[in-house]
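Encoded as structure tokens, the structure appears first; notes follow it.
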Amino acid sequence: MIKVWDLYIRSYHWLLVIILVSNLFLNEEGEAWHQNLGLSASLLVLIRILWGFVCPTPYARWKFFWPTRRRLRTYGAALFRRDPPRLLSHNPLAASVMLVMLALVLGLGFTGWLQGTEAFHDYQPLEKAHATLSTSLLILIAMHVLGIFVESWHTKENLVASMIHGKKRPSSG
């Protein structure tokens, strides 16, 4: 087994899951808990962005899985042939979804913070933007979870377990 996800990445992932589930389903909008958890999620994402440049495991570094046009085209062609490679890190499509999710979390944190200011309190367009970002994030989370199950089935590897213990079987990718 190869160590793919370090302790920070795994802790970050599960903390973000807990925060997002709490804020989407358990906390009332505008409550102090909702605001504090939203800011915490934004801080976690900002640290994750920095961690992508300095983390000790190469598989979580941006340069290892950044979804370049070439990587997307190569992976897309293999997917179209129904022969996608098994990769240790994110495949280019998963990486793209993950990057958009990170941007959505930051957008939610920013719009939520703005709503707490006097200048933008009860500003309807901002509330609508916040709600749209939230809905978009929910859709991408559903795609992410579906992708995990499909990829786990395809590779015959429990990807949820790998995000708990941090290890995956070696591969050529």
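Where a number appears in this text, it was derived from the coordinates with a stated rule and is not lab data. Fair warning: this is a prediction, and the values are worked out from it, not measured in the lab. As a convention, Cβ positions derive from the backbone with ideal geometry for all residues, glycine included, and neighbour counts pool all protein chains shown.
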Original post:
Which ordering of Tyr123, Tyr59 is given by a fewest-first count of other beta-carbon atoms within 10 Å?
Top reply: Tyr123, Tyr59
Original post:
If the cut-off is 17 Å between C-alpha atoms, which aspartates and glutamates fall inside it for Lys128, apart from same-chain ones fewer than 8 positions away?
Top reply: Glu28, Glu29
**OP:** Sum up the charges of everything whose Cβ sits under 13 Å from the Cβ of Arg61, counting Lys and Arg as +1 and Asp and Glu as -1, but leave Arg61 out.
**Re:** +1
**OP:** Identify all aspartates and glutamates with a Cα-Cα distance to Lys167 below 15 Å; exclude those on the same chain that are fewer than 8 residues away in sequence.
**Re:** Asp6, Glu157
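Can you show me the helix-derived [θ] at 222 nm for the chain, built from DSSP H runs with n ≥ 4 at -39,500 (n - 2.57) apiece and divided by the number of residues, rounded to the nearest 500.
Mean residue ellipticity, 222 nm, calculated: -22500 deg cm²/dmol.
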**OP:** Give the shape of segment 15-154 as rounded, prolate or oblate, defined through the alpha-carbon gyration tensor: a ≥ b ≥ c are the square roots of its eigenvalues, a/c under 1.5 means rounded, and otherwise the shape is prolate if a/b is larger than b/c and oblate if not.
**Re:** prolate
**OP:** May I have the extent of the alpha carbons of segment 88-173 along their three principal axes, as whole Å values ordered from largest to smallest?
**Re:** 53, 20, 19
Original post:
Helix by helix, which DSSP H runs in the chain go 27 Å or more along their axis at the Cα atoms and have an average Kyte-Doolittle hydropathy of -1.0 or more?
Top reply: 32-54, 92-115, 124-155
**OP:** State to the nearest 20 debye the size of the charge dipole of the chain about its Cα centre, where the only charges are +1 on K and R beta carbons and -1 on D and E beta carbons.
**Re:** 1460
**OP:** Among the lysines, select those whose C-alpha is under 19 Å from the C-alpha of Lys168, and discard any that sit fewer than 8 residues away in the same chain.
**Re:** Lys3, Lys156
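Could you put Leu44, Leu93 in order, starting from the residue whose Cβ has the fewest other Cβ atoms within 10 Å?
Values: Leu44 21, Leu93 18.
Exposure proxy ranking, most exposed first: Leu93, Leu44.
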Original post:
If packing is taken as the mean number of other Cβ atoms within 10 Å per residue, what is the order of 77-85, 2-10, 61-69, highest first?
Top reply: 2-10, 61-69, 77-85
**OP:** Write out the GluC sites (Glu not before Pro) in segment 103-152 meeting two conditions: DSSP loop, and at most 15 other Cβ atoms within 10 Å of their Cβ.
**Re:** Glu118
